[in-house]
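Everything below concerns the one structure shown next.
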Amino acid sequence: MPCRVPSEHQAITKLSTCNNSTPGDVLSNVPAKQITRRTTGSSAALPATLDQDILTDASTAAAAENSFVHDVYNAIADHFSDTRYKPWPVVDGFLGSLPAGSLLADVGCGNGKYLGVNPSVMGIGCDRSDALIGICNNRGFESLVADNLSLPFRSGLFDAAISIAVIHHLVTEERRLAAMAEIVRLLRPGGRLLVFVWALEQDKFGSSNTTQDLFVPWKLRSSTPAATASVAPSTAQEPRVFNRFYHLFKSGELEMLASRLANVRVLRSGYDRDNWYIILERQ
Amino acid sequence: MRLLTHNLLQCHVKGCSTNNYPLRVEATNVVHKEADFNPEFITHMLQKIEWNALRTTASALGVAELPEILPLSMEGQEELLKQIHLVLMETHIMDGKLVCPGCSHEYLVTHGVGNMLLIEDEV
């Protein structure tokens, strides 16, 4: 199949594996600053080129996350959900260790795959994507639409919280820190938080990769009707490609963020399946 | 949205930090869905629940009339625990809105899903 991606996406055309016939995650190293964004559509607030300025300014940071995270997950929700069914062992272990009757917040719960892992726990999921929360709700999971930078819950009530593959979508260090602080706020003293993020060190990006901020294209299988039509180019025969922003965490970076949080101690941290993780306890 | 979840929610509009709880439920559709009764879980949840908020919400929705004051111990209080279970776990707000008593911000609930997102200026 020829790889015909509109000219706005030339940077991706050069660097991504567009001849890969498997839909879903297309793993390639596309530095964020090399991507030129589309100049059409509803995201006119963004400057024409996504560069480091975006990653340091709060309002443009939010706009970038809208275009390169929220809109994308809404558009790919059904397909994404179909690929997300296998829990990860460390997450399973954390959830399994919670006492019966615990109140759990899954912040950035996606399709809700962790909300049913431990049936003796009352889990409440939230996600920025209303399309993914719609899937959770259809599965009977308690969930609502919310932003992980401003959660609508009272403080100090949850026995545990998880944030799995979420804060690596935030474009600045301050926003990633703020997201962790906001989840810690929900925990009671002694409550625990597990955070998972994609690692810079994973093999699939190549050992020489040092670019932490990049786009990872998602190829939407052509049989899936997109929830929104405005976020990516499309032709009838080809999979549509959506770019998601990722910040890949370096070794020690989660611990560094945790050290800036008040009232937490690190219980455990480590590397699992291409991700760094950390378990914090609220003091 | 279960009334358990509603009891945990507060308005989070920027600057709205007093009189932001509980969100008033203006529901157009409330349904009852059976759920497994677990007395230990309900007892545990009572440490987290704002009793007055739960009581007034349950009464306003016509779901149950809960006592004004909880007994000191829930031991032997099976009937009360079942009533609380019905309110917390089996009563779902399906459609309507949650209104902040302080700033009057409205959060919509559609098909059982609450949308708690704020627009940029409100965060």
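Table for the structure above
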read-out: Label point distance in nm, residue B:52-residue A:201, each placed 7 Å from Cα along Cα→Cβ; value: 5.3
read-out: Cα long-axis angle, helix B:78-90 against chain B (0 to 90 degrees, to the nearest 10); value: 30
read-out: Residue-averaged beta-carbon neighbours from other chains (10 angstrom radius) around A:141-149; value: 5
read-out: Accessible heavy-atom area order of A:271, A:277, highest first, probe of 1.4 Å; value: A:271, A:277
read-out: Chymotrypsin sites (Phe, Trp or Tyr not before Pro) restricted to segment B:20-68 and DSSP loop, no more than 15 other C-beta within 10 Å; value: B:37
read-out: Computed lengthening from residue A:221 to residue A:283, 0.36 nm per intervening residue step minus Cα-Cα distance; value: 17.7 nm
read-out: Accessible area (Å², 1.4 Å probe, nearest 10) - residue B:74; value: 30
read-out: Nearest-ten-degree value, helix B:51-60 long axis tilted from longest Cα axis of chain B; value: 80
read-out: Linear extension gain, residue A:173 paired with residue A:251, 0.36 nm per residue minus alpha-carbon span; value: 26.6 nm
read-out: Spin-label pair residue B:77/residue A:92, simplified geometry with 7 Å Cα→Cβ offset, distance in nm; value: 3.9
read-out: When each of A:219/B:33; A:250/B:48; A:219/B:97; A:113/B:48; A:113/A:250 is checked by Cα-Cα distance, pairs over 29 Å; value: A:219/B:33; A:250/B:48; A:219/B:97
read-out: Normalised contact order of segment A:112-182, rounded percent, pairs of Cα under 8 Å and 6 or more residues apart; value: 25
read-out: Neighbour cut-off at most 11 other Cβ (10 Å), DSSP loop, GluC sites (Glu not before Pro), segment B:1-62; value: B:34
read-out: Those chymotrypsin sites (Phe, Trp or Tyr not before Pro) in segment A:76-127 that DSSP places in a loop and that have at most 12 other beta carbons within 10 Å; value: A:85
read-out: FRET efficiency for residue A:271 and residue A:185, using Cβ-Cβ distance with R0 set to 25 Å, rounded to 0.05; value: 0.40
read-out: Lys/Arg +1, Asp/Glu -1 at C-beta; segment B:3-122 dipole; positive extreme among B:38, B:60, B:70; value: B:60
read-out: Label zone at residue B:29, where the point sits 7 Å out along the Cα-to-Cβ direction: segment B:52-94 residues whose backbone N lies under 19 Å; value: B:61-63, B:90-94
read-out: Positive-end extreme of charge dipole, chain B - chosen from B:51, B:85, B:102 (charges on Cβ); value: B:102
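The values are calculated or read from the model by the stated rules, or taken from the named source; none is laboratory data. Model, not experiment: these values are computed from the prediction. Here Cβ is always computed from backbone atoms with ideal geometry, including for glycine, and neighbour counts include all displayed protein chains. Side chains are part of the model used for accessible areas, which takes the heavy atoms of the whole protein and leaves out ligands, DNA and RNA. Shrake-Rupley method; radii C 1.70, N 1.55, O 1.52, S 1.80 Å.
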